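**Student:** Questions regarding the structure given below will be posed in turn.
The values are calculated or read from the model by the stated rules, or taken from the named source; none is laboratory data. Source: prediction; values computed, not measured. Every residue, glycine as well, gets a Cβ built from its backbone with ideal geometry; the counts of neighbours run over all protein chains shown.
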Amino acid sequence: MSNEGFDFEKSPKRIRRLFSSGGAGGEGGGQESTGGGSSPGQQDISAIARRLLGASAGRSRMSKIEAEGVARSIVATAQKGLESIDGGPAGALSFEETVALEAVIHVRGRPAVRVLGDELEDIRHYPDADMWVMLADKHRAKLQKTTSAASAVWVRDTLLQSFSWVQGTAFLIKPDLALTNRHVLFPPAGTRLARRVPGTTQARLKREYEVLLDFAFDDGAPRQAKYRITDIPFVAEDSDPVDAAVLKVEPVSGFAPDPLPVTQKDVYEIDRLYIVGHPGKLKYVPENIQLVFGDPDERKRVSFGKLMDPVVEGQQNIVHDASTTGGFSGSALHGFMDQAVYGLHYWGDQVAGNRAISAKALRQHPVLGALL
């Protein structure tokens, strides 16, 4: 499916935060050097060029001159984008400016790293990721548990069996239940995988599509960890602000991951966070720029970031600045203190930023809460 139905996160609020003097670069206490507090410039050109050279290794390798040329073009477009939102209306960014700014943010300490079975790729390959290296090393056992419980929602057309794709992410919350987004099953654009049961909050899969949860769809050694969906006991109504669905599942082959509890703690107790998902190819983005983001290919990634402050008391939609380029719909949001789920990521847009539904809102839902 690639990233149909998904958009780059274009929130001017988030971008201003990451490029302001009080932004990400000033929050790490010397441990996080993200370059926040400055406009895109030479340091970003160098970081993007290094990223391009590293990502192109093993394929049609870029020359240093080519990488620097692409990097200069990206940074120039990012500078233009930053100027366009300074004092401008929300959503003033063009698609090209959005991509360029996201590329700069990506090399300023907001990486989305590949999962290699029980391990992560070497985060040190990403620019300005020192803090995430330390956190990942310190909390390795928790990361192994949370990443293993996240799955690709893998789809095959049974009438055209050569067609298969990943349509989002889900994660185990009980041995026989998984949580994802409503719009993973019913995307605003793309293949609708199920039909609602009239008069209920239940649904049934369409028999023309084989849908599996693949917990081993990553860049590690080939192995089996697949579940089939046997029922959909809950899918939120279209008008419901809680964009969620619960899948009844059973193992088909391979290992069985441990389920993740949905926390009863306040999400605003955490600061640094990560999400685990399956980002797809970036539509309409040139291949050489996709390399800045690690060439998303639907395989499992861990994306690191921080929680942004609430705007109103009791806010149910939490906003974070982890990169969700390529689409992370249905991903769990985690802190580093434990293995619990603190939120369900569901969207990123130019007005509200990268959004997740808080664990509190999930638990307080009159129907969904009883299943958690």
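**Student:** Six or more apart or on different chains, Cβ atoms under 8 Å: show the pairs whose first residue is in the range 99-118 and in contact (Cβ under 8 Å) with a residue 60 or more places away in the chain and over 17 Å from Leu282 (Cβ atoms) and whose second is surrounded by fewer than 24 Cβ atoms within 10 Å (Cβ to Cβ) and among the hydroxyl-bearing types (Ser, Thr, Tyr).
**Tutor:** Partner pairs satisfying both residue conditions: Arg108/Thr34; Gly109/Ser33; Gly109/Thr34.
**Student:** I'd like the full set of residues that are surrounded by fewer than 16 Cβ atoms within 10 Å (Cβ to Cβ) and either within 21 Å of the chain's Cα centre (by Cα) or closer than 13 Å to Pro175 by Cα (or both), limited to the range 231-249.
**Tutor:** Pro241
**Student:** Count, please, the residues in the range 149-194 that happen to be in a loop (DSSP other than H, G, I, E, B) and closer than 13 Å to Leu212 by Cβ.
**Tutor:** Result for the range 149-194: 2.
**Student:** Here's another thing I want to ask about it. In the range 146-165, which residues are in contact with an Asp or Glu (Cβ under 6 Å, 6 or more places away or on another chain) and either modelled with pLDDT under 95 or surrounded by fewer than 20 Cβ atoms within 10 Å (Cβ to Cβ) (or both)?
**Tutor:** Trp154, Arg156, Thr158, Leu159, Phe163
**Student:** What residue, of Ala90, Ala55, Ala49, is at pLDDT below 80, of a type in the set (A, V, I, L, M) and in contact with an Asp or Glu (Cβ under 7 Å, 6 or more places away or on another chain)?
**Tutor:** That would be Ala55, the only listed residue that is at pLDDT below 80, of a type in the set (A, V, I, L, M) and in contact with an Asp or Glu (Cβ under 7 Å, 6 or more places away or on another chain).
**Student:** If you don't mind, there's one more thing I want to ask. Mind counting the residues in the range 119-153 that are out of contact with any helix residue (DSSP H, G or I) (no Cβ under 7 Å at 6 or more places or on another chain), hydrophobic (A, V, I, L, M, F, W, C) and without any contact (Cβ under 8 Å) to a residue 24 or more places away in the chain?
**Tutor:** Residues flagged as out of contact with any helix residue (DSSP H, G or I) (no Cβ under 7 Å at 6 or more places or on another chain), hydrophobic (A, V, I, L, M, F, W, C) and without any contact (Cβ under 8 Å) to a residue 24 or more places away in the chain within the range 119-153 amount to 1.
**Student:** Okay, moving on. Has the range 291-299 got at least one residue that is over 21 Å from Ala150 (Cα atoms), surrounded by 15 or more Cβ atoms within 10 Å (Cβ to Cβ) and at pLDDT below 85?
**Tutor:** yes
**Student:** Does the range 205-228 include one or more residues that are among the charged types (D, E, K, R), under 18 Å from Leu371 (Cα atoms) and in a strand (DSSP E or B)?
**Tutor:** For the range 205-228, residues among the charged types (D, E, K, R), under 18 Å from Leu371 (Cα atoms) and in a strand (DSSP E or B): absent.
**Student:** Could you give me the residue pairs with C-beta distances under 6 Å whose first residue belongs to the range 273-300 and is under 19 Å from Trp165 (Cα atoms) and of a type in the set (Asp, Glu), whose second residue is part of a loop (DSSP other than H, G, I, E, B) and modelled with pLDDT of 90 or more wherever it lies, and which are 6+ apart or on separate chains?
**Tutor:** The qualifying pairs are Glu298/His278.
**Student:** Separate question: How many residues, within the range 275-284, are over 25 Å from Tyr342 (Cβ atoms) and crowded, with 21+ Cβ neighbours inside 10 Å?
**Tutor:** Final tally of qualifying residues: 1.
**Student:** Restricting to the range 157-171, name every residue that is closer than 17 Å to Ala216 by Cα and out of contact with any helix residue (DSSP H, G or I) (no Cβ under 9 Å at 6 or more places or on another chain).
**Tutor:** Ser164, Trp165, Val166 - these are the residues of the range 157-171 that are closer than 17 Å to Ala216 by Cα and out of contact with any helix residue (DSSP H, G or I) (no Cβ under 9 Å at 6 or more places or on another chain).
**Student:** Given the condition assigned to a loop (DSSP other than H, G, I, E, B), of a type in the set (Asp, Glu), farther than 22 Å from Ser303 by Cα and more than 22 Å from the chain's Cα centre (by Cα), answer yes or no: does some residue in the range 73-89 qualify?
**Tutor:** There is at least one residue in the range 73-89 that is assigned to a loop (DSSP other than H, G, I, E, B), of a type in the set (Asp, Glu), farther than 22 Å from Ser303 by Cα and more than 22 Å from the chain's Cα centre (by Cα).
**Student:** May I pose another question? Residue check, Ser358 against (1) more than 20 Å from Thr147 (Cα to Cα); (2) in contact (Cβ under 8 Å) with a residue 40 or more places away in the chain, all met but one. Which one?
**Tutor:** Just one mismatch for Ser358, condition (1).
**Student:** For the range 305-323, which residues satisfy the criterion of being in contact with a His (Cβ under 6 Å, 6 or more places away or on another chain) and crowded, with 24+ Cβ neighbours inside 10 Å?
**Tutor:** Of everything in the range 305-323, those that are in contact with a His (Cβ under 6 Å, 6 or more places away or on another chain) and crowded, with 24+ Cβ neighbours inside 10 Å turn out to be Gly305, Ser323.
**Student:** Ala78 versus (1) touching a Pro at 6+ places or on another chain (Cβ under 8 Å); (2) in contact (Cβ under 8 Å) with a residue 60 or more places away in the chain; (3) of a type in the set (Gly, Ala, Ser): which is the lone unmet condition?
**Tutor:** The single condition Ala78 does not satisfy is (2).
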